[in-house]
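The values are calculated or read from the model by the stated rules, or taken from the named source; none is laboratory data. The shown structure was predicted, so the numbers you read here are calculated from the model rather than taken from an experiment. With ideal geometry, Cβ positions are generated from the backbone for all residues, glycine too; neighbour counts draw on all protein chains shown.
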């Protein structure tokens, strides 16, 4: 398990099994999202290796409805 922050330190990314799964935690709200298997590959690609916080924001906004 490896953890790192996004560039502005808004999100904590925890990688499980060498990228098999990712947990993304919003450090302002403490909400988290879990992605595994193909979804883990998609989130990594769509966020430019977790550098694009705006893309991550969009996932959290979808949860809030």
Next on the checklist: Yes or no: segment 14-21 includes at least one residue that is at pLDDT below 95, within 12 Å of the chain's Cα centre (by Cα) and surrounded by fewer than 16 Cβ atoms within 10 Å (Cβ to Cβ).
Outcome noted: yes
Checklist entry - Out of all the residues in segment 43-65, which are touching a strand residue (DSSP E or B) at 6+ places or on another chain (Cβ under 8 Å) and either surrounded by 12 or more Cβ atoms within 10 Å (Cβ to Cβ) or closer than 19 Å to residue 4 by Cβ (or both)? => result 43, 44, 50, 53, 56, 59, 60
Checklist entry - Quick one: how many residues across segment 30-42 are loosely packed, with under 13 Cβ neighbours inside 10 Å and in contact (Cβ under 8 Å) with a residue 24 or more places away in the chain? => result 1
